[in-house]
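The values are calculated or read from the model by the stated rules, or taken from the named source; none is laboratory data. All of these numbers come straight from a predicted model, not from anything done at the bench. Heads up, the Cβs are rebuilt from the backbone with ideal geometry, glycines too, and the neighbour counts pull from every protein chain shown. Side chains included, ligands, DNA and RNA excluded: accessible areas come from the protein's heavy atoms. Shrake-Rupley method; radii C 1.70, N 1.55, O 1.52, S 1.80 Å.
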Amino acid sequence: MTLTIVKNATCTFCGCVCDDIELHADGVRITETKRACSLGESWFKNHTAERLYPDALIDGHPATVDDAIEAAADYLLDAHMPLVYGLSNVTCEAQREAVHLTELIGGVVDSHTSL
Amino acid sequence: MIYWGGNPAECHPRHFTKYSLTQKGKFTPNGRKDRTMVLVDIRETPSGKAADVFLQVRPGKDFEVITALRALVKNQTIRPEAIADTGLTLEQLNDLVKMMKEARFGVIFFGMGLSMTRGKHMNSAAILMLAAEMNAFTKFVAMPMRGHGNVTGADVVLRYTTGYPFGVNLCRGYPRFNPGEFSTVDLLVRGDIDACLVLGADPGATMPQPAIDHLAKVPTIVLDPKVTHTSRLARVHITTAVTGVSAGGTAYRMDEIPLPLRPALKSPYPTDEDVVRRIKEAVKRRPAWLPMLKETVIV
């Protein structure tokens, strides 16, 4: 197993977004998190590259991502007032896409800020 | 430095050392020794150890304290009985105002203990007004202590795409902003919405029960790296890569500095960005709900 070392990695657990962390990864999991705090360490070490969950679920049953995307598009377009909510633990690029999607479906877009 | 209603020692462990309290700066060559830290909270938390002054406010009385401070800053007289039930004395408040005015550069970091308790938006508005008014005397800023990774990014992206930071309604084809009307909890509790796409959040674990009940009633779609509480009551769940661990992109720090993410792992799942884009493409292939919206304006 080759060891990947990522210098100046960015932690997105809390709002501090520390960007000076050194990560050691063996391809499946992160084994070392230099300079990260206890919260950051558990954030990095808890997420692995393993396939622990089904790709997608429709009504609780495993499904393909393609089917799930089509089902999602149907539900969102059929709704009179759909809501797009969250946006906290995703990248700005994903947030941008989400705003565009909200415009297309004529909905409300909101984040954790409003809580 | 004033921390109000927050516990950075436990919730933002590196805030003191990497950003605020102990770092040496051009005008603070001695780091911690050049700074005074005040902690305002309803109980003494582990952050209290780092503070020079700890002020214990009675729960739910933050607004009253801030209003009294704003009056004292402008040299108004306050009767001691007017602040009797805040848990603080006039002497303590006068000392704080003196410290604030003597500072060369003051900052108020406010946490959820202020913005999520009795008064909510009004508390945040009051503390921002206090910081604004302090600028008549010295340089002063206020900054919310953001919880989740890129929640600041959500504010920034919504601001530059729609003009408003959160709770934006695009039902009429143009953005409308009205917290209390278009904010998630209110929409859910009133039962206004009839479908929901949740990404980068787990409202099933954090929201009030009536809101969760409504989420279970309507078709809910969840994008998350894990099968969450919300996924269990959703019609559709799509597993995605973990932001910052196996998905790259940009995230904003709480002081609105954008930072690139450097993922260390390769996920077997698609990223949130990818999935949202594919849902968008699938929506585009269907007839538009409003013909004039075919060509979009915002992004």
| query | Can you name every residue in the stretch A:93-115 that is touching a strand residue (DSSP E or B) at 6+ places or on another chain (Cβ under 8 Å) and open to solvent by 10 Å² or more (accessible area, probe 1.4 Å)? | reply | A:93, A:112
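Among the listed residues B:225, B:263, B:287, B:258, identify the single one that is open to solvent by 20 Å² or more (accessible area, probe 1.4 Å) and within 22 Å of residue A:63 (Cα to Cα). Step through it out loud before you land on a result.
Details: B:263 fails: within 22 Å of residue A:63 (Cα to Cα); B:287 fails: within 22 Å of residue A:63 (Cα to Cα); B:258 fails: within 22 Å of residue A:63 (Cα to Cα).
The conditions single out B:225.
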| query | In the stretch B:20-51, how many are closer than 19 Å to residue B:114 by Cβ and without any contact (Cβ under 8 Å) to a residue 12 or more places away in the chain? | reply | 1
| What do you reckon, is residue B:211 touching a Ser or Thr at 6+ places or on another chain (Cβ under 7 Å) and of a type outside the set (Lys, Arg)? | no
| task | Return only the number of the condition from (1) surrounded by 15 or more Cβ atoms within 10 Å (Cβ to Cβ); (2) closer than 22 Å to residue B:52 by Cα that residue B:94 does not satisfy. | result | (1)
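Please go through the stretch B:42-73 and pick out each residue that is part of a helix (DSSP H, G or I) and open to solvent by less than 20 Å² (accessible area, probe 1.4 Å). Steps first, please.
Initially, the stretch B:42-73 is screened for residues part of a helix (DSSP H, G or I), giving B:46-50, B:62-73.
B:47, B:48, B:62, B:65, B:66, B:68, B:69, B:72, B:73, listed by residue number.
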| request: Can you tell me which residue within the stretch A:68-77, out of those that are facing chain B (nearest Cβ under 7 Å) and either within 23 Å of residue B:252 (Cα to Cα) or not aliphatic (A, V, I, L, M) (or both), is surrounded by the most Cβ atoms within 10 Å (Cβ to Cβ)? | output: A:75
| Within the stretch B:156-172, is even one residue aromatic (Phe, Trp, Tyr), open to solvent by less than 50 Å² (accessible area, probe 1.4 Å) and more than 26 Å from residue B:69 (Cβ to Cβ)? | yes
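Would you check which residues across the stretch B:1-18 are touching a residue at least 12 places away in the same chain (Cβ under 8 Å) and either surrounded by fewer than 18 Cβ atoms within 10 Å (Cβ to Cβ) or of a type in the set (D, E, K, R) (or both) and list them? If you could, list the steps in order and put the result at the bottom.
Going residue by residue through the stretch B:1-18, those that are touching a residue at least 12 places away in the same chain (Cβ under 8 Å) are B:1-12, B:15-16.
Correct list: B:10 only.
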| message | For residue A:82, only one of the following conditions fails: (1) open to solvent by 70 Å² or more (accessible area, probe 1.4 Å); (2) assigned by TED's automatic domain parsing to the domain that holds residue A:107. What is its number? | response | (1)
| said: Can you say whether residue B:218 is closer than 22 Å to residue B:187 by Cα, β-branched (Val, Ile, Thr), at the interface with another protein chain (Cβ under 8 Å from one of its Cβ atoms) and in contact (Cβ under 8 Å) with a residue 24 or more places away in the chain, as far as the supplied structure shows? | reply: yes
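Does the stretch B:255-264 include one or more residues that are closer than 21 Å to residue A:110 by Cβ and either out of contact with any Pro (no Cβ under 6 Å at 6 or more places or on another chain) or facing chain A (nearest Cβ under 7 Å) (or both)?
Initial filter on the stretch B:255-264 (closer than 21 Å to residue A:110 by Cβ): B:256.
Filter again for either out of contact with any Pro (no Cβ under 6 Å at 6 or more places or on another chain) or facing chain A (nearest Cβ under 7 Å) (or both), leaving B:256.
Looking for residues that are closer than 21 Å to residue A:110 by Cβ and either out of contact with any Pro (no Cβ under 6 Å at 6 or more places or on another chain) or facing chain A (nearest Cβ under 7 Å) (or both), one finds at least one in the stretch B:255-264, hence yes.
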| message | Quick check on my filter: what residues within the stretch B:224-233 are facing another protein chain (nearest Cβ under 8 Å) and not in a helix (DSSP H, G or I)? | response | B:225, B:226, B:227
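Could you check how many residues of the stretch B:152-202 are hydroxyl-bearing (Ser, Thr, Tyr) and over 28 Å from residue A:12 (Cα atoms)? Break it down into steps so the answer makes sense when it comes.
To start, the set of residues in the stretch B:152-202 that are hydroxyl-bearing (Ser, Thr, Tyr) comprises B:152, B:160-162, B:164, B:174, B:183-184.
Those still in the list that are over 28 Å from residue A:12 (Cα atoms) too: B:174.
Residues that pass the stated criteria total 1.
Conditions tested, residue by residue: (1) modelled with pLDDT of 95 or more; (2) in the same structural domain as residue B:161 (by TED's automatic domain parsing); (3) crowded, with 23+ Cβ neighbours inside 10 Å.
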{"residue": "B:239", "(1), (2), (3)": "yes, yes, yes"}
{"residue": "B:270", "(1), (2), (3)": "yes, yes, no"}
{"residue": "B:276", "(1), (2), (3)": "yes, yes, yes"}
{"residue": "B:299", "(1), (2), (3)": "no, no, no"}
| said: Can you pull out every residue in the stretch A:11-55 that is closer than 21 Å to residue B:250 by Cα, open to solvent by less than 50 Å² (accessible area, probe 1.4 Å) and among the acidic types (Asp, Glu)? | reply: A:19, A:20, A:22
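Going by the structure shown, is residue B:140 over 16 Å from the mean Cα position of the chain (by Cα) and assigned to a loop (DSSP other than H, G, I, E, B)? Break it down stepwise before answering.
On the way: over 16 Å from the mean Cα position of the chain (by Cα): yes; assigned to a loop (DSSP other than H, G, I, E, B): no.
The answer is no for residue B:140.
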| note | For strands (runs of 3 or more DSSP E) lying entirely in the stretch A:1-105, having 1 or more residues that are in contact with a Cys (Cβ under 7 Å, 6 or more places away or on another chain) picks out A:21-25, A:82-86
| said: Cβ-Cβ distance below 7 Å, separation of 6 or more or different chains: which pairs start in the stretch B:174-186 with a residue that is touching a residue at least 12 places away in the same chain (Cβ under 8 Å) and among the polar types (S, T, N, Q) and end on one that is open to solvent by less than 40 Å² (accessible area, probe 1.4 Å) and part of a loop (DSSP other than H, G, I, E, B)? | reply: B:183/B:167
